[in-house]
Amino acid sequence: GSPGEPRGLFALPSVWGLPPAPRWPIECEVIKETMEHIEWVPPEPEPFCQPAGPERAPAPLSEELGTVVYHLRPAPRGFCFTRARVGGAPGPLSSPAAALEGPQDTTLLFESRFESGNLQKAVKVGPYEYVLTLRPDLYTAKHTQWFYFRVQNTRREPLYRFTIANLAKPKSLYGEGMCPLLYSQQDAQSRGIGWRRVGTDIRYYQGGGGGEEPAAFCLSWTTRFPHDGDTCFFAHSYPYTYSDLQRYLRALAGDPVRSQYCAVRALCRSLAGNTVYLLTITSPAGAAAAKRVVVLSARVHPGESGGSWAMRGFLDFLLSAHPDARLLRRLFVFKVVPMLNPDGVVVGNSRCSLAGRDPNRAYGTALRGSFPGVWHLRAMVERVLAEREVVLYCDFHGHSRKNNVFMYGCDGGGAGLRLHQRVFPLMLSKNAPDKFSFPSCKFKVQKSKAGTGRVVMWRMGVSNSYTLEAAFGGSTLGGRNSHFTVEDLKALGYHLCDTLLDFCDPDPAKFQQCLVEVDVLLRQRLGRELGSGSSWSDVSPSELESSTSGSDSSVSDG
């Protein structure tokens, strides 16, 4: 094919030996061990905790008084990506963790030099108290949010306090009862328990800005460890790494049934040379020419790992033998990019690719070299649109300031369309009433969002173009007040499938009913009954909703 066509990688199942190991920038040290975690759903819902008020922020802890017990060399300022290799930095590993003085030394041993890991520094400021610093997104000085690190040499009795001192965002669900995640290797091996919510006395507050540094925010929590001498991990959200995706795709390509209707190809290579995968899912039967197309993507923002779990649930269902899944494969061609920014995922970034910028602001530019994933996704959608209708575009994200799940759409195209663009989210809220909040959805196209996938796809002619936002926290709906589990996030993917069938049902009853409801909701929101003579096109989108900034992505990129 032409150079723009995806290369036919792994076309035959027999070619899938082990997928290639992730490629890392040469500045990154990577330990040999690989981290794998069991999947587990807690038997009882994990409620939000009572947040401690910010007015009771602990006295600032002076790092000078403490001992540095873990420190990775930061990349020099002004540095930018040059090249990558499997295994990262060549040569022997450094020793960022302070050595223990003997069996009585209770200092925790920290480690983050593994896939998706993020921790730059740990300072011990008390016998069981640590101040932590996250590593900014590579080649930038900001975007600290995602964390994921390992601790060893734990003790069961004491109450530990951890404070992450350089978070970027002024507001967080940690201030509203969200808890961090802990994973105990001993519990996983002996009791089959995986990631769980932990923490007491959780606070989120403004720390001091040092000199020319902008003011940073602190997350502080206390917790006990379940065992002595255990290996544990803390994380901001359930990790889902590039290697996790490759394991999933390898099983898929090696499955004689599912590989019949799912082709795994390379959309392109990332800056570091990691493959950005493209899945094409459709039944071989049926007149392919008549089929409409659904385009889905996830992990343009690497720190929003919940997007990968929702994508996992979507793929699990769509590739199953369920009659609805068969019907969907018969009706549509699905083009799915499960991990748009693999480099960011590998190195443990929150928002950026190795270009040091947010790729979800780059769809409007033609920077093929800097943002290959979004450039090729856009080009692929343009090619598809030349031949057929794209019925839905949906990009999966995570949200750090609002609970529940909601969508951002695009308002415009006259009165009828303004209602139409609200139908899919309304249907999804009916299919997932305990998770999805229709009132939290927004449909305004802000200037700052002009380069996002959702807005660019909409301008290209995909009228149902959405960002799906799943909170890092959980649900406050349907009697719930609890954190999302991995199963909740996967269920979101199943519900997207249900909703697609409702949305495209040849019997228009559901669609019509939703149009009527949306009409009523919009009239209520305007707070005035529009006479039957006037139409929605007389009302500007800004009148329809408060202009409160929505997604995480609206925090300025500078």
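Ignoring ligands, DNA and RNA, what percent of the accessible area of the chain is carbon or sulfur (1.4 Å)? Carbon and sulfur together cover 54 percent of it. Overall form of region 242-529: rounded. Here a/c, set by the Cα gyration tensor axes a ≥ b ≥ c, is under 1.5.
Relative contact order of region 227-323: what whole-number percent is it, with Cα pairs under 8 angstrom and at least 6 residues apart?
Values: 61 pairs, mean separation 23.2, N = 97.
With pairs under 8 Å counted, the relative contact order is 24 percent.
Couplings 3J(HN,Hα) for region 90-107, derived from phi with the Karplus relation 6.51 cos²θ - 1.76 cosθ + 1.60 (θ = phi - 60°), are x, x, x, 6, 7, 10, x, 8, 5, 6, 6, 8, x, x, 7, 6, 9, 4 Hz, where x marks Gly and Pro.
From the square roots a ≥ b ≥ c of the eigenvalues of the alpha-carbon gyration tensor of region 40-235, which class results: rounded (a/c under 1.5), prolate (a/b over b/c), or oblate? Please list the in-between numbers first.
Values: a/c = 1.39, a/b = 1.11, b/c = 1.25.
It is rounded, given that a/c, with a ≥ b ≥ c, falls under 1.5.
Using the Cβ of Leu367 as centre and a radius below 13 Å, the other residues enclosed give a net charge of +3, where K and R count +1 and D and E count -1.
Could you sort the peptides 497-503, 467-473, 355-361 by per-residue average Cβ neighbour count (10 Å cutoff), highest mean leading?
Values: 497-503: 19.1, 467-473: 26.6, 355-361: 22.9.
Top to bottom by mean Cβ count within 10 Å: 467-473, 355-361, 497-503.
Report the net charge of residues surrounding Glu33, where surrounding means a beta-carbon distance below 14 angstrom and charges are Lys +1, Arg +1, Asp -1, Glu -1. Surrounding charge for Glu33 is -1.
Taking Cα pairs under 8 Å and at least six residues apart, what relative contact order does the chain come out at, in percent? Please list the in-between numbers first.
Values: 1189 pairs, mean separation 81.5, N = 558.
The normalised contact order for the chain reaches 15 percent.
Which whole-number percent of Cα pairs in the chain have a distance greater than 37 Å? Could you put the intermediate results ahead of the total?
On the way: 48536 of 155403 pairs.
Counting every Cα pair in the chain, those more than 37 Å apart make up 31 percent.
Can you list the lysines whose alpha carbon sits under 16 Å from that of Lys171, skipping same-chain ones fewer than 8 residues off? Counting by Cα, and skipping residues close in sequence, Lys171 has these lysines nearby: Lys142, Lys402.
In order along region 162-177, phi translates into HN-Hα couplings of 10, 10, 8, 9, 9, 6, 8, 9, x, 10, 8, 5, 4, x, 10, x Hz, rounded to whole numbers, per the Karplus curve 6.51 cos²θ - 1.76 cosθ + 1.60 with θ = phi - 60° and x for Gly and Pro. Applying the criteria of a DSSP loop state and at most 15 other Cβ atoms within 10 Å to the GluC sites (Glu not before Pro) of region 348-451 yields Glu387, Glu389.
Put simply, when 190-199, 248-257 are sorted by average Cβ atoms within 10 angstrom per residue, most first, you get 190-199, 248-257. Charged neighbours of Gly177, selected by a Cβ distance under 12 Å, balance to 0 (K, R count +1; D, E count -1).
About the Cα centre of the chain, how large is the charge dipole given +1 on each Lys and Arg Cβ and -1 on each Asp and Glu Cβ? Please answer in debye to the nearest 20. Mind dumping the intermediate values first?
Numbers: 62 positive and 53 negative charges, 260 e Å.
In debye, rounded to 20, the chain gives about 1240.
Each residue of region 497-505 is assigned a 3J(HN,Hα), and the resulting list reads 5, 3, 5, 4, 5, 4, 5, 9, 4 Hz, derived from the Karplus form 6.51 cos²θ - 1.76 cosθ + 1.60 (θ = phi - 60°), x at Gly and Pro. From the Cα gyration tensor of region 127-281, with a ≥ b ≥ c the square roots of its eigenvalues, which class applies: rounded if a/c is under 1.5, or else prolate if a/b is larger than b/c, or else oblate? Oblate, since a/c reaches 1.5 and b/c is not below a/b. Listed by chain and number, the lysines whose C-alpha is less than 27 Å from the C-alpha of Lys291, apart from same-chain residues fewer than 8 away, are Lys335, Lys430, Lys490, Lys510. Considering only Cys268, Trp221, Phe334, and ranking their Cα positions along the charge dipole of region 205-344 that arises from unit charges at the beta-carbon of Lys, Arg, Asp and Glu, the one farthest toward the positive end is Phe334.
Given the -39500 (n - 2.57) contribution per DSSP H run of 4+ residues, what per-residue ellipticity at 222 nm results for the chain, rounded to the nearest 500 deg cm²/dmol?
Numbers: 12 runs with 125 residues, N = 558.
Theoretical 222 nm ellipticity from helices: -6500 deg cm²/dmol.
The values are calculated or read from the model by the stated rules, or taken from the named source; none is laboratory data. Note that the coordinates shown come from a computational prediction; the quantities given were computed from them, not determined experimentally. Backbone-built Cβ (ideal geometry, glycine too); neighbour counts: all protein chains shown. Accessible surface areas use protein heavy atoms only, side chains included; no ligands, DNA or RNA. Shrake-Rupley method; radii C 1.70, N 1.55, O 1.52, S 1.80 Å.
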